[in-house]
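For reference, the structure is listed below as structure tokens.
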Amino acid sequence: MGKYIFITGGVISSLGKGITSASIGRILEARGLKVSFLKFDPYINVDPGTMNPYQHGEVYVTEDGAETDLDLGHYERFTSAKMSRVNNVTSGQVYFAVISRERKGDYLGKTIQVIPHITDEIKERIRRVGEVSGADIIIVEIGGTVGDIESLPFLEAARQFRLDLGYDNVIYIHVTLIPYVKTSDELKTKPTQHSVGTLREIGIQPDVLICRTEKPLSNEVKEKISLFCNVQKEAVIEAPDVETIYQVPLTFKNQILDEIILSHFKLICRASNLNIWEEKVVKPILFPKDKTKIALVGKYVSLKDSYKSIYEAIAHAGIVNGIKVEIEPIDSESLEKKDQEKILKDVNGILVPGGFGYRGIEGKIKAIKFARENKIPFLGLCLGMQCAVIEFARNVLGLKEANSTEFKPKTEYSVICLLEEQKKVKELGGTMRLGSYPCKIRKNTLAFKVYQKSLIYERHRHRYEFNNKYRKLFEKKGMVFSGIYPQKNLVEIVELKKHPFFIAVQFHPEFKSKPDRAHPLFREFIKSTLIARERNNIEK
Ligand code: GLN
């Protein structure tokens, strides 16, 4: 039977519970344990798939095609755990399951209540992760902040879980904030005392406190927190702001958090091995040998979380190339004004990410034209590929009206369009081409040089596809279709011949990149920007 760690958050949101959970997974994996995760999101949406990125941040897609919270991305990047649709559960899913059963008559005669029916369903979802993963340790992160009305049923289920499984099999970790007050030059413990008090009212006494802080916690402060919150002093863990999120597991390890958890669980494990993590991931970030700059041309650039996995995949590519990659976010709509694309002159690479809807599209197309004509390395992802196709159709093939039917349903040249089967779909939730699909790569192409393989698997999240009617025409003018989904003959990768690095993919490679195993597309894209930079320097 697995052991369960519940992670809750106090005082404020955005304390980094996701990174904390992922880092705890990392230090336990380093002790030879198999870990898995469950993220509870207290909102009513069934999944984040239909939410605006500004509301929710990126939608992370799993191999099995679930549209999930971006924290699942952290879990996959920090550990070897494989996430699927069982690893993210929302209030919407829980209520939907219970109400569907009620309608079927499964509870006939009974009054359906939050306790026990909703809490039982929540506990069932927790157990399911244990069963499906076969993990030794299941880390359950409860979204929201203690004190929120919405997360109460999840906390209640977490409380009951220790009652069901026994003291040694469940541990509660509370992530909290110790604010620093500048005027009195003091760290304040009161908000944490209140937050732990609120948890205790629910019946949960945390065993460990992870204290987010800008300043080191003195011995005195730690003692105070320990006394007032009823937590052992060594279990008051300091979590200072760090330069890179990948340092967090090392911070925890240095405070023997792994040992504290293992001794609670009465587990004896092999010694920790985080050397490779430190040498191959953290050090290259802290001490880069060189730097490069790329532009990220998107619609949601003012919120970094909207492109979380892309930012991380770029950082991974920096690690493997030993350089720091500066990312200049550019709002694609702003490029639509006259001559604005000139601001792209200073970057060594252009990345156009995925997205939905017409707003900002013309700016993306302009950026791609600029990359193509000025031989600036270009990587297009999903909508980025569709825009690259539209740009080529308009400016190379001369099909001025070329468009995607997503933006102009009655366009004369529908180079991107819906497949027949998608035309019938009416509902928006969970109805796209989602999850992992195979892609065959043509030999002697840039794609083959990048992947060094002829069969790859990548994750998808889109509805529209390249229109095969135009394939010959594009090929004649120099676009290469280097990756194909063989079962349906769908275009997955396009590239250009007479260009140092111009490649665009219908899928989302960013979801599979890891800090110690950068995705080849990002790795090669970033490498190519260095060559472009040399050329730029010579020209200047
Ligand atoms: N909007 C496009 C589609 O649905 C692209 C989606 C994306 O970039 N994820 O096909």
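The values are calculated or read from the model by the stated rules, or taken from the named source; none is laboratory data. A quick note: this is a predicted structure, and the numbers were derived from the prediction, not measured. Cβ placement follows ideal geometry from the backbone for every residue including glycine, while neighbour counts extend to all protein chains displayed. We work out accessible area using only protein heavy atoms, side chains counted, and drop any ligands, DNA or RNA first. Shrake-Rupley method; radii C 1.70, N 1.55, O 1.52, S 1.80 Å.
Side notes on the structure shown:
- Shape of the range 393-540, Cα gyration tensor, a/c cut at 1.5: oblate
- Stokes-Einstein diffusion coefficient of the range 1-145, Kirkwood radius over Cα pairs, 25 °C, 0.890 mPa s, in µm²/s: 155 µm²/s
- Scattering curve values for the range 448-532, log₁₀ I(q)/I(0), Debye with Cα scatterers, q = 0.21 Å⁻¹: -1.16
- Summing charges over all other residues whose Cβ lies under 13 Å from the Cβ of H264, with Lys and Arg as +1 and Asp and Glu as -1, gives -2.
- When the convex hull of its Cα atoms is projected in every direction, mean area for the range 73-172 (nm²): 7.5 nm²
- Its relative contact order, with pairs defined as Cα atoms under 8 Å and 6+ residues apart, puts the range 144-204 at 37 percent.
- Reachable aspartates and glutamates, given that their alpha-carbon falls under 15 Å from the alpha-carbon of K182 and they are not under 8 places away in the same chain: E214
- Computed log10 I(q)/I(0) for the range 289-338 at 0.15, 0.18, 0.24, 0.32 Å⁻¹: -0.44, -0.60, -0.88, -1.18, from the Debye equation with unit scatterers placed on every C-alpha and solvent omitted.
- The mean sequence separation of alpha-carbon pairs under 8 Å and at least six residues apart, normalised by the residue count of the chain, gives a relative contact order of 15 percent.
- For the residue pairs K293/K512; K324/K408; K123/K426, alpha carbon separations beyond 31 Å are given by K324/K408; K123/K426.
- Using θ = phi - 60° in the Karplus curve 6.51 cos²θ - 1.76 cosθ + 1.60, the 3J(HN,Hα) couplings for the range 214-225 round to 8, 10, x, 7, 6, 4, 4, 4, 4, 5, 5, 4 Hz; x is entered for Gly and Pro.
- Debye equation applied to the C-alpha atoms of the chain, log10 I(q)/I(0) at 0.07, 0.09, 0.13 Å⁻¹: -0.44, -0.72, -1.28
- The order of the peptides 492-500, 37-45 by mean Cβ neighbours within 10 Å, most packed first, is 37-45, 492-500.
- Cross-link partners of K253 among aspartates and glutamates (Cα-Cα below 16 Å; sequence separation of 8 or more within a chain): E29, E234, E238, D241, E278, E279
- Rolling a 1.4 angstrom probe over the range 424-540 with all protein chains present gives an accessible area of which 52% lies on carbon and sulfur atoms.
- Accessible surface, per residue, of the chain when the full set of protein chains is kept, probe 1.4 Å, Å²: 44 Å²
- Ligands, DNA and RNA left out, the accessible area of the range 151-231 computed with a 1.4 Å probe is 51% carbon and sulfur.
- Under the criterion of Cα pairs below 8 Å and six or more residues apart, the relative contact order for the range 100-259 equals 16 percent.
- Both the radius of gyration and Dmax for the range 117-162 are 11.1, 32 Å, in that order, over alpha-carbon atoms.
- Oblate is the label for the range 349-438. Its Cα gyration tensor axes, ordered a ≥ b ≥ c, give a/c of at least 1.5 and b/c at or above a/b.
- For the range 159-272, taking the reciprocal of the average inverse distance between every pair of different Cα atoms yields a Kirkwood hydrodynamic radius of 15.1 Å.
- For peptides 425-434, 443-452, 330-339, 104-113, sequence by mean Cβ density within 10 Å, most packed first: 443-452, 330-339, 425-434, 104-113
- When peptides 258-271, 505-518 are ranked by their average number of other Cβ atoms within 10 Å per residue, the highest-first order is 505-518, 258-271.
- What the Cα atoms of the range 268-385 give is an Rg and a Dmax of 17.0, 66 Å.
- Pairs from K345/K498; K291/K443; K299/K375; K39/K233; K469/K497; K424/K469 whose Cα-Cα separation, in the structure shown, is over 25 Å: K291/K443; K39/K233
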